[in-house]
Structures are given as structure tokens and as C-alpha cells.
Amino acid sequence: MVLEKLKPTIVWDIFENVVASTPRPSKHEEKIRNKIKEWISEQKRITTINFKIYEDNVGNLLIKRPASRGMELSPSILLQGHLDMICVTKRSEGYNFFEKGIPLRIQENNEWVDADGTTLGADNGIGIALALSILIEKEIEESHGLIEVLFTVNEEDGFTGAINLDVKALNITSKYMINLDSEQQGEIIIGSVCGRRTYFRKKFEWLKPESKKELLFIELAISGLLSGHSGGAIHLPRANANKLVTRILSAIIQEIDLYICNWNGGIKGNIIPSESKVKFAINSKDQNLFENLIDKEISAYYDYYKSKISNPPNLEPNLQIEWKKGESEDFLSLKDTKNVIYTSNIIPHGVIRDSPFFEDFVETSNNFAVVKTENNEIEFQLYPRSIIRTELNNFCRRMIHLGELTNWQITLRSVLPEWIPRPESIFLSYAKEQYEALLKKPVKVNVIHGGLETGMISEKIPGIDMISIGPTIIGEHTTNEKLKISDVGTIYELLIRIIKNFPKSKC
């Protein structure tokens, strides 16, 4: 046990011994699903609460705690979170997320919980723990309506659970919902952006090394970037490893011939890539010019991202750009190499436009997330987002046009819908009142640039009134992810207040 002394005990015990100890990569939630069902069965025996569990065809879980005696006609509340987590490690030996739990630890300042060399999975593991804790909380046992808890699958890699949510099979009846996937105490989220994962794919013919004499092969690697969630961190002045590779290659190929062998960078569509590696060849006669060119480019990027006089200083303090000579390998023609470099250089990354309607808010963005070389094919994975559906559609059309001009196959996943804010909501007003009474200070009401399942759920359950809350999490989707200890108790107390007083509300 690592977290046994933390309060509230009920929440931290579930977070450590049910959630964090159980493997739950995206698309592989069967272990955490079974763990939760076993836990519910045990709690049903211990507490004598008549929990009911429902499951749909994609693996979403719905758990019901019946209303207190006499409260059967009170409005019910649905608590919602997702079962999966982003799995990233910085351990040199790697980490088997399919078989191992998360190596939890408390930081030396005793203010944060994080993981030893991996992502923590507080996104959305702490949401799971908070919801399960409410199901067995004794303080509310005499004063609550029906409580429903919904856990969805594969939120992090395509919203599969929300997209395929079977409301009838899960027997969802609530018209009010609290999503527990927000990451800043002191604010209530009431809206989020839409997104559409976009793929560029193109088959190429690779040439054998013996087909062209006097080639020098080079391996270029970008690493050490801060990375971050492509919704929550896209506005920050952080480098994208794939775009740095593109910039370096585009500068070189403008002066000398270059032939790509392979290129791989990034790991997930919703993570700003921290690493990218490319192998390419140049003509041996151009070696001196090449070395001058690449040293000049590397120096320029170090000056920009690691400058101590910038504000803030050291935008990317751990940036590493390294190159070395490599062994010979199959390579693309000069024409095909130019196609890859030019196309990737034109694809934008970062903030496309700030919102003229919401203060300090990104309207539209794109993450140039993944580059992959496999089976004679190169693939680019993009993740554009926008609070305005027409702006997202326009960006995707631009990418389709770019693909047509450069002969790439473009594939678009389904749109993950926006969550349209309802600032006039009585439920929001009630929750905000409870939150401010607890904190004894004003609470912010915001929309976020990240994507939440709330947009899709609102399409599946028309008219449902939703808010999103959560404790402070920093560095989600990276190995720097950490969860603020004191905020967990605050959010748990808030949930107790909201549910306990809900039958008396005007909702």
C-alpha cells in the first residue's frame, strides 16, 4: 500500500487497489471491467445495498444504487467516467501496461500523487474511484434519489464506448449527469470541442541501396519534448517532434538531394509527439554541405526552444536533436521523398485560430500526432478540433484537398461531437451554488478545448443536462502526470453535497 494514509480513505483505497492496480489500456478494458464487477458484488454482500449492473455489447458498464427509502420519486443523477487510460513510459526497459498495474508514489512534497516512470492514469482513474466511492458512501444513505454510474470504454482512442452507447441495454434513466473527467478544481465545465481524426496514407516503392552508389545514410532523432494533451496543451509554446523533423528535412532538401528510408514519430492522436526518428540518405559528395546545413538548423532550434532569455525561458528544456551515420537501407526516390516532406511541411500543427467568442480560448487547432512507416506505406495521423463544427469541417476539407494535390489517400473518422454549452441550466446553477458554498469563493464556469464524451452522450440521451468537474491533474497523457492530493477530498465532498441535497433542489 502506498496511499493508505491519504484522505478520504474510501476514495484513495479504491483508486489504488481497484483502479491503479488493474491494467486498462485503451481497447483492453476487460480486466478493469471484471475488477469493478467483482468489487460491486463484494460491496453488495457487505453493505446489503441492492446494486444492479448492466453491460452493453461494447463493454460499457452501468451500475445503479437504488434511491433511499421515500426518495424513489426524486430525480436521479448519473455519474460518468471512462475506464481506459493513456499508457506511456519513460523507462528504458519499457513497461507492460497489459499485465502490470501503475507504480504509484507520493511526491516528496506530499502534495501530489504520480507514477514512477509511467503515466499515472488519474485521467480518468480518479473519476472511476470517486464514482465507486459514492456508490457505498454512508453519509448519503438516507437522502438520495437513484444514483447511476456509467463507465465507458476506449475514450482515449476514439470514443468507442460513447459512440456505441446502448442506452436501452444499460437502462439509463437519469436526465442529469456529472462527468468526472475534468482536471481543474475550482471550475465547472459546460462545453467542449468536436474533433475528427484524420489520416494521410500513401503506398510507395522503395529502392534498393545498390541501385544508387555513393550514398551516405543518416539517422536523425528528436526527443525530450514536454509533450502534453493535444486539447489541453495545444496552446502552449511546445515543440512537436514530427514538425521539427519536417522543418529540418525541408531545409536540407532545399539545398541538396535527400532520400527518406523510414520515419516514425508520436504514439497517439491526442498526444503532442515528444519523439520522432527519421532515417534518410544523401549523396556522399554533399556530406560537408549537409553537416553545415543540419548543424545550422539544430542550432537555430536550440536557440529558440532552450533560450534562457525568452519568456518563459526554456520552452523545451530537455530538447535533444541528434544525428549519426547509419547502415544502408531501402529508400524512396527523390520525387517521393519530396512528396513526403512537402506534404508534411504544409500540414499545420497547433492553434489555427483563437475564439472571438470565448475569452482566452482556442477555437480551432490541429495536432500532427503520428508518423508511421509500415508495409511500404507512410501514414500521417492528425487530430483537428474546434468548438465550431463548420470550422472543423473546413479544416478537414483543406486536408482532403491537400491529399488530392499530393496523391495521398485521406481517411476521416466520424466526428466526435461538440458539447454545446447551456449556461442557463438550472442544474448548473445548483451545482455551482453547492461548489461555492464548499469552497467559500467564486467558481469559474468554462468550456474546454479538449474533447469529452459528453457531446456524444448528449446525442444518445437527448435533453440530458450535464456538467463536468474533477480534481487538479497536471501533465495528463505524459509521464509527468500528477494528481493533487487535497483536491480529491474537495471534489468528493462536493459530490456528496450535490447528491445529498439534490432532492431539495429545483431541478
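The values are calculated or read from the model by the stated rules, or taken from the named source; none is laboratory data. It should be emphasised that the depicted structure is a prediction, and the values quoted were computed from it without experimental measurement. All Cβ positions, glycine included, derive from the backbone under ideal geometry; neighbour counts span all protein chains shown.
In region 413-436, what residues are assigned to a helix (DSSP H, G or I), in contact (Cβ under 8 Å) with a residue 40 or more places away in the chain and polar (S, T, N, Q)?
Listed by number, the list holds a single entry, GLN434.
Does LEU405 meet the test of being assigned to a helix (DSSP H, G or I), more than 30 Å from ASN339 (Cα to Cα) and not aromatic (Phe, Trp, Tyr)?
It is false that LEU405 is assigned to a helix (DSSP H, G or I), more than 30 Å from ASN339 (Cα to Cα) and not aromatic (Phe, Trp, Tyr).
Restricting to region 39-62, give me the number of residues that are in a strand (DSSP E or B) and touching an Asp or Glu at 6+ places or on another chain (Cβ under 7 Å).
Matching residues across region 39-62 total 2.
Could you list, in sequence order, the residues of region 162-183 that are in contact with a helix residue (DSSP H, G or I) (Cβ under 9 Å, 6 or more places away or on another chain) and under 17 Å from ARG197 (Cβ atoms)?
ALA162, ILE163
Cβ-Cβ below 9 Å, separation at least six or inter-chain, first residue in region 437-464 and assigned by TED's automatic domain parsing to the domain that holds GLN80 and acidic (Asp, Glu), second in a loop (DSSP other than H, G, I, E, B) and buried (at least 18 other Cβ atoms within 10 Å of the Cβ): which pairs?
Here the result reads GLU453/GLU155; GLU453/PHE159; GLU453/LEU165; GLU453/ASP181; GLU459/PRO417, each pair linking region 437-464 to a residue that is in a loop (DSSP other than H, G, I, E, B) and buried (at least 18 other Cβ atoms within 10 Å of the Cβ).
Does PHE51 count as over 28 Å from SER486 (Cα atoms), surrounded by 13 or more Cβ atoms within 10 Å (Cβ to Cβ) and touching a residue at least 60 places away in the same chain (Cβ under 8 Å)? Show your work before the answer.
Details: over 28 Å from SER486 (Cα atoms): yes; surrounded by 13 or more Cβ atoms within 10 Å (Cβ to Cβ): yes; touching a residue at least 60 places away in the same chain (Cβ under 8 Å): yes.
Against the criterion (over 28 Å from SER486 (Cα atoms), surrounded by 13 or more Cβ atoms within 10 Å (Cβ to Cβ) and touching a residue at least 60 places away in the same chain (Cβ under 8 Å)), PHE51 qualifies.
Quick one: which of ALA300, ALA251, ALA221, ALA281 is out of contact with any His (no Cβ under 9 Å at 6 or more places or on another chain), surrounded by 21 or more Cβ atoms within 10 Å (Cβ to Cβ) and in the same structural domain as GLU374 (by TED's automatic domain parsing)? Outline the logic, then answer.
On the way: ALA300 fails: surrounded by 21 or more Cβ atoms within 10 Å (Cβ to Cβ); ALA251 fails: surrounded by 21 or more Cβ atoms within 10 Å (Cβ to Cβ); ALA221 fails: surrounded by 21 or more Cβ atoms within 10 Å (Cβ to Cβ).
None of the other options fit; the residue is ALA281.
Residues of region 262-278 being surrounded by 23 or more Cβ atoms within 10 Å (Cβ to Cβ) and within 13 Å of LEU220 (Cα to Cα), which ones?
Across region 262-278, the qualifying residues are TRP263, GLY265, SER276, VAL278.
If you go through region 159-178 one residue at a time, do you hit one that is under 30 Å from GLU493 (Cβ atoms), surrounded by fewer than 24 Cβ atoms within 10 Å (Cβ to Cβ) and within 16 Å of the chain's Cα centre (by Cα)?
no
Give the residue that is farthest from TYR54 (Cα to Cα), with candidates limited to residues of region 14-27 that are crowded, with 17+ Cβ neighbours inside 10 Å and not hydrophobic (A, V, I, L, M, F, W, C).
Ranking the candidates gives GLU16 first.
Looking at region 303-337, which of its residues are of a type in the set (Asp, Glu) and either on the phi > 0 side of the Ramachandran plot or surrounded by 14 or more Cβ atoms within 10 Å (Cβ to Cβ) (or both)?
Residues satisfying the conditions are GLU316, GLU329, ASP330, ASP336.
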